[in-house]
Amino acid sequence: MPAYRYVNAIESAANGTDVVVKSSSGSTTPLSELSRYVAAMLQGKAGGDNTQELEAWRRAKEATLRECNELYRRLGVLLNDDDVRGELLRADASACNRGSSGFAPIQVRSVRRHHGHLSSGQGRALYLSRKARRHAGIQRAQGDPLPMIIQKSDGASLYATTDLAAALFRCAHPTKHPVDLKTPALADMLAKLGGGLGADRVIYHVGSPQKLHFDMLFPAVHALGWSRKPDGTRTLLEHVSFGSVLGEDRKMLRTRSGDSVKLKELLEEAVDRAEKQLRETESDADKKRGFSDGEIRQVAETVGIAAVKYADLCQNRNTDYVFSWDKMLALQGNTAPYLLYAYARIRSIHRKGAESGSAGQGGTIMLAEPAERDLALAILKFPEVIDSVADALMPNYLCEYLYDLAGRFMTFYENCPVLKAPDAAIAASRLRLCDLTARALKLGLGLMGIRTLERM
RNA sequence: GCGCCCGUAGCUCAGUUGGAUAGAGCAUCGGAUUUCUAAUCCGAUGGUCGCAGGUUCGAGUCCUGCCGGGCGCGCCA
């Protein structure tokens, strides 16, 4: 059972009790006191015996990871438990308790108690200098400092604290990127994590509502000098934001509200629809490929998942988009199945070509027909497109390109017989065009984690 | 109140440093299968690029204002 169901159950149980408090926006937020306590407890700041609670938390975490890993496997995502850095949760805010010296040139100051319901004590925050703020392009009216709170009044650390620690972990490396840490507590933490990753580029793929958070985090990391490498260059920290998924009412679908669509269910539905379509063609005497039941399920699995991945990636990531089952699971038009179909058609030609002995690589490519020329020109654009996608981190450029490439191939396919070409030289030339197209499609789709099919 | 993002065809969206008659999918309508996979192809219909100014030889794209929508703003993540 996924962990969010435990959380939902606890939340509904607590509904209507005195744990419900009013948030600053006027709405009631249940459990805020309790969740604050839990946060402190997990960081060992709550005191008392919490063995039972810690055990419950451990179970919830395990259940969550199990569910995630299952989805990762199905999606071909390579992350596993070794990539989880839960220790960073313990990033200790006390590392900056010794005052501002550890974080120079950033000021660490106490923050005033903001809401009345906090426990006693004072939180602490990083204040970026005016220069650092200006450099980051953060303008705040009347220049009042923008604090990044890294320690709560009860001593617990927050999102910003762990993200700060995580940034250090990702930038630093014992030899490639040694970082001079002025606080022993931080050095200890880093050592325990193996000294850091020494990354050249760190990409934060996080929704756009958190833009402000990164606008504070990155300048802080740079100002602390953590990103500065021995050769004078800096680790690149990038927030690759993406828009929100909206419901039909145009309101944001929120993961934590629990009313969003579950990925698992989405994948099931996608695979079901792909299978239904496949069984339909199999029942048509003219179209049937002669797949076995097992093959049908395998193909449907690949097609369905490809459709979902592609539907998500082909949109400009910055814009919010309205969720629609039909769009997400479409099998016609600008979709993964269209690209997979183009690929399968090419592979089919190669299989038949191999049978008749006309297969072969290399040789001259002749571009006599307009369709041949259009296809060849598209193939030539491939490297340039890959570069721009990597640079701008916009997968939709790649989708747009691949759809265009596949479209040109389809036109070529309809107009230029390959194996039945007028002569052997033309056949060889067209076969080579087919092969180059297939390789571009496979590589491009592969970059988006989409597997190709030899037959579909 | 302050800040960020968005407004393009009936619907969902592209439009990558400003560049030629603004593109695609879906939907609608009409065609194509004795030929390598019809999950395909070809064609048609459909837009005052929210509104008003400005900069420019040239603006969907840049600037200003307005209207409409979304998101965020000191101890949630």
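Structure notes:
- The magnitude of the dipole of the stretch A:334-415, with charges of +1 and -1 set on the Cβ of Lys/Arg and Asp/Glu and taken from the Cα centre, is near 380 debye.
- J(HN,Hα) series, the stretch A:159-173, from Karplus relation 6.51 cos²θ - 1.76 cosθ + 1.60, nearest Hz, glycine and proline x: 3, 4, 5, 5, 5, 5, 5, 5, 4, 4, 4, 6, 6, 6, 7
- Every pair of different Cα atoms in the stretch A:412-456 enters the Kirkwood calculation, which places the hydrodynamic radius at 11.8 Å.
- Hypothetical label at residue A:323: residues of the stretch A:201-234 whose amide nitrogen lies under 18 Å (7 Å Cα-Cβ projection): A:206-209
- Karplus 3J(HN,Hα) series, Hz, for the stretch A:275-281 with 6.51 cos²θ - 1.76 cosθ + 1.60 (x for Gly, Pro): 5, 4, 4, 5, 5, 5, 5
- Full-stretch length increase - residue A:206, residue A:356 - with 0.36 nm per residue and alpha-carbon distance subtracted: 48.8 nm
- Long-range HN-HN contacts of residue A:150 with modeled amide H, under 5 Å: A:124, A:125, A:126
- Gyration tensor verdict on the stretch A:284-363 (Cα atoms; rounded if a/c is under 1.5, prolate if a/b is larger than b/c, oblate otherwise): oblate
- Rounded if a/c under 1.5, otherwise prolate or oblate - the stretch A:180-232, Cα gyration tensor axes: prolate
- Residues of the stretch A:53-81 with an amide N closer than 12 Å to a point placed 7 Å from the Cα of residue A:263 along the Cα-to-Cβ direction: A:65-80.
- Cα gyration tensor category, rounded, prolate or oblate, for the stretch A:242-395 with a/c compared to 1.5: oblate
- DSSP-assigned coil residues among trypsin sites (Lys or Arg not before Pro) in the stretch A:263-347, each with at most 15 further Cβ atoms within 10 Å: A:287, A:288, A:289
- Modelled label positions at residue A:252 and residue A:280, each set 7 Å beyond Cα in the direction of Cβ, lie 3.8 nm from each other.
- Partners for residue A:352 among aspartates and glutamates (Cα-Cα distance below 13 Å; same-chain residues under 8 apart left out): A:454
- Note on residue A:229: lysines with a C-alpha under 16 Å away, same-chain residues under 8 apart excluded, are A:176.
- Neighbour-limited loop hits for GluC sites (Glu not before Pro), the stretch A:229-298 (at most 11 other Cβ within 10 Å; DSSP other than H, G, I, E, B): A:248
- By the rule of a C-alpha distance below 18 Å, with chain neighbours fewer than 8 residues away ignored, the lysines paired with residue A:442 are A:309, A:381.
- Spin-label model, residue A:175 to residue A:85: label points 7 Å out along the Cα-to-beta-carbon direction sit 2.1 nm apart.
Every read-out reported here was derived from the displayed coordinates using simple, explicitly stated rules and does not represent laboratory data. A quick note: this is a predicted structure, and the numbers were derived from the prediction, not measured. No Cβ is skipped: glycine too gets one built from the backbone with ideal geometry, and neighbour counts run over all protein chains shown.
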